[in-house]
1. Could you rank the peptides C:208-214, A:225-231, C:425-431 by their average count of other C-beta atoms within 10 Å per residue, with the highest value first?
2. Specify whether the C-alpha gyration tensor of the protein assembly as shown places it in the rounded, prolate or oblate class, a ≥ b ≥ c being the square roots of the eigenvalues: rounded for a/c under 1.5, otherwise prolate if a/b is larger than b/c and oblate if not.
3. Please report the spacing between the Cα centers of the stretch A:221-265 and the stretch A:171-193 in Å, no decimals.
4. Taking only the alpha carbons of the stretch B:82-149, what extent do you get along each of the three principal axes, in Å, biggest first?
5. Could you tell me the number of lysine pairs in the stretch B:82-149 with C-alpha atoms less than 15 Å from each other, where the two lysines are 8 or more residues apart or belong to different chains?
6. From the square roots a ≥ b ≥ c of the eigenvalues of the alpha-carbon gyration tensor of the stretch B:19-132, which class results: rounded (a/c under 1.5), prolate (a/b over b/c), or oblate?
7. Mind checking the stretch A:48-155 for chymotrypsin sites (Phe, Trp or Tyr not before Pro) that DSSP puts in a loop (not H, G, I, E or B) and that have at most 15 other Cβ atoms within 10 Å?
8. Return the percentage of antiparallel bridges among DSSP beta bridges fully within chain A, rounded to the nearest 5 %.
Amino acid sequence: MIKTIQLLLLLLLLSTTANASGTKPTLTIYTYDSFTASWGAAPKIKEAFEKLHYCNVKFVGVSSAIGALRKIQLEGKNTKADILLGLDTSIAQVANKTGLFAKHELNTSKLVLPVTYSDENFVPYDYSYFAFVYDEEKLKNPPLSLEALASMPKDFKIIMQDPRSSTVGLGLLLWVKSVYGTKAGEYWKKLSPHILTITKGWSEAYGLFLRGEADMVLSYTTSPAYHMIEEHKYNFKTANFPKGHYGQVEVAAILKSSKNQALAKKFLTFMHSETFANIIPTTNWAYPIVKTKKGLPTAFEKLNIPSKMLLIDGKEVERNRKKIVNEWLEALGR
Amino acid sequence: MLKISHLEFTHKDAKHSYTYTMNLEEKEIVGILGESGSGKSTFLDLVAGFSTSSSGSIELDTQVLTQMSVEKRPITILFQSHNLFEHLTVQKNVLLGVSKVLKENIEDVNKVQGILKEVGLEEYEHTQVSKLSGGQQQRVALARVLIRREPILLLDEPFSGLDIATRLEMLDLVQTITIENKIHTIMVTHDIEDCKRIANHVYKMQNNTLVEQ
Amino acid sequence: MFKNYQRIKFSLLPGTLISLTLLTFAFVLFYTLYTSQENLVFTQIEPRVWLLLKFTVYQAFLSTLFSLVVGMLLAWSLAHQAKFRGRSWLVALFSSSLVLPTLIVVFGLITVLGRNGWVNQVSLYLFDYSFGAYLYGLGGILVAHVYLNASFASRSLLHSFESIPKEKYKLAKSLNFTTFQRFMYVEWPVLKPTLLSIASTIFLLCFTSFAIVLVLGGSPAYNTLEVAIYEAVKLDFDIAMALKLALIQLGLTTLLVVFSANFRTHISNLKTATQAIAWEEKREVKYLQRGIIFLFTLFFILPLFAIVVDGLGADFSKILQEKLFIKSFFTSMGLATLSSIITLLFAILLSDAKRNLSLRYRLEDLPFSKLFNIVLSFSGNLYLAIPSLIMGLGFFLLSQRYEAPLALWSTVALLTANVLMSLPFAQSVLAPAMQRTAQRYDRLVFSLNLTKIQRWVYVEYPYLKSSLGYVFALAFCFSLGDLGMIALFGSDEFSTLPWYLYQLMGSYRSSDASGVALILLVITLSAFIFLPKLFGGNHVKD
């Protein structure tokens, strides 16, 4: 027991000394964990931004973007976060309702986005499309629309994520909603025999898919780029649905309670720089919202680009989210 | 006559082996004395068939038992403890000596009633065994010996856990049963008094060999 | 005797204090959650939640039933097939199922039994037939639960089988019992009490099962109450609802803990018997028993083997150089060591207080000793019933209220969670063992007037060391594999191996993930096998 206490005291001491290093301002950014991983975008962004501005950038990774928001809510006024980064437009509205976020006052009209998005508080920094990924060597004739997906033979299986715990899962629900409207429930009934399993998060779903458990998995159009660039595997493809794919625009916002408002605003501006745009594709595996001289990595040219990005307005999503999820639950056998 | 000739048992470590020879008429009781670990219990295991001997023979009158499997040998065995199924009634415990079917037939049930009277347990027919005293429990075990009517009875220190009065009573009961049912009884014990009271012959383990005293 | 009485009375204090701390802590957790929202509105529980509850009970019931049946068959076979090479090794391996990291096991099972698993591939190759996706849905949940719990049940049941006096078998044999009668009259009465208490443990474990249900459940129709709590906290941020659900779960499981008459898991580390049962099995029975052992061994080992096969493909030189891996490794090992030391200490003190109160010649005649004893057991077992998410949330709110560096809070939270998680198991191993030493040696110890230290050195330690080693290993492995609390506190600065593994899985790095999974599996198994040896070799015979 004494040893425990000693160790705890030691930890306490170490962490307080670490915090007291100089008067350099520290910009604290809460985000999801795959962003902060050593192979993620955060380390490079930190380095680039610290070169430009005299400060420390501290990324705090939480298990999901929603988790990061919840953490800020739990911390309330005492939160150390200056910026929340990583929500998508469907959930940003939830964050807006908390009243914790400040207006950004940036001009976002020049950003390259397949849809128009403007919000007083949240600024986009990258986007991607949801898509069903498959292995070309195993699946010769992939379904080419939501309709075709639900009409595949009986033993055709897909994996999706639970919309109650994963933004990817929620994305598919909204996708189906924006294509089928009031008939979404019927669609889910038709699709449900093809759903092998519904996982808590993206990682379990993708892991099962890579083990060959399902023919397709709900992921992003950019997923094959990872396999091409990091693993030199070219057999992973996404099915292109002509009516368009539901999109995910990732956004960030400054907290009202932040003591580094000016620095935080500089970071939001930095998100729209070429430097930032060059980091995003191969670390966060998404499209940047600024055209750069360097352009996208060549592997990205091989990716399917959907004809249209479907996106339901955030306010509408927030109004109907419970209803949409319940509709899905009912169709799947409640 | 029970004739056991040069029955030999070699221990697993192959370093020492025991040899047993003994003759026994019906209605007779043999007492076997010896230190613990001297090979007394091994003898009972051999006679009962739980262990196999490397040489020698066991014969009952004209019947050769040496190669017979345990359940076919005409033997009833009684241990110091664990002779009964504590969660069952007295009646069921005795019945298990003859009938393995779950449903009792009336003939057997009547027989059990008679035998329980003999051992003085008629009031306890439907009592669970775990509720009886140690002496009463051994009586139930003896009742089972009676119902089985097997010509050989092996006793492995059956009464050493009981108080003196009960023990003497039990020994007398064994003697009565042996004589009335024409049984060959072999009793392993560490108490010479037991032998003095009822044994017709006394054997002892000496240098790994069974020797008559 | 009066002096002893005083001495014992005083020794109640530490155990009681710990027990009170545990209870207070549970209360503080709930109270913190309750007061965290300024105006807590208790929203109506949706009818969906009741359906979830119904399913949770249903799947837990079925899982328990199947685990017991399979565990019983396995234990029966092992008890009667006492002589084959590798038996003791196999039995030790089976008992490790309790501490294997669930997420890893699930992926191992999928590699073997999944839609594209080995079984289906072999069958497709040989008979051109695939069994399809049978592993998902209720079936999958049951398979995984049976995998983890049947082997655990078989270990405890085997111990019961071996406690049956050999005379009983001789008697049954000479009375010419059939195999069935032998089971009914000789074995069943001994197994029944063990079975009941294992059943309640397995039921609790399955009731609160989370990772398995989420990956293999298939459809939201097969979700458990824990999932609903997760939803309430994470997505809806409806803390009132989460509290309500947690209380429902707590209420139900508490009922179970109380009514299963003193939660006892019957887990034990006792060596398997060397003396075989003198009963040459009939040929058919022998083949049946060997078949059961063979099939279950295959079922148990293949998924572990799959993890090894998956993992060997990874680039270990890269993994081992990764800074975050090294950090996670040391954090995990440090936490596991600390939490197993604390668990051991707590379990000893609680069990000591417990035996003082339940032994006649100690303090059993103290007023309220029975009630006191129930409170002691309850406080140790309480945390089996509190969802880790609720515990994590409570900790998080506490960390907000009382400011300290995150690393400190994370350490405290993880340590607490791990200790609380291991304590019920630790106590169930130690309490009966310590009770027995007291029963056996108290008179001697008191008459020689040994001091507490002498008592420990000469009596308790030699007798208990194998149990202590086992408890230590158990707590160590539990802590090593935990992915509950860390999900809320984990970050790049504070990461454990399972957390790191989960992060790798979440970033396309499946090959690295397999490698880390293998490392975690190897560490867990070796800790489970070798740690008990630290406490000294030979076990003092019962």
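Rule-based calculations on the coordinates, nothing more; no lab input. Just so it is clear, the model here is predicted, and its values are computed rather than measured. Positions of Cβ are generated from backbone atoms using ideal geometry, with glycine treated the same way; all protein chains shown enter the neighbour counts.
1. C:425-431, C:208-214, A:225-231
2. Cα axes put the protein assembly as shown in the prolate bin.
3. With the stretch A:221-265 and the stretch A:171-193 each reduced to a Cα centre, they are spaced 24 Å.
4. So the extents along the principal axes, rounded to whole Å, are 28, 23, 20.
5. Lysine pairs satisfying the spacing and distance rule in the stretch B:82-149 number 4.
6. Prolate, since a/c reaches 1.5 and a/b exceeds b/c.
7. In loop regions of the stretch A:48-155 (DSSP not H, G, I, E or B), the sparsely surrounded chymotrypsin sites (Phe, Trp or Tyr not before Pro) are A:Y54.
8. 55 percent
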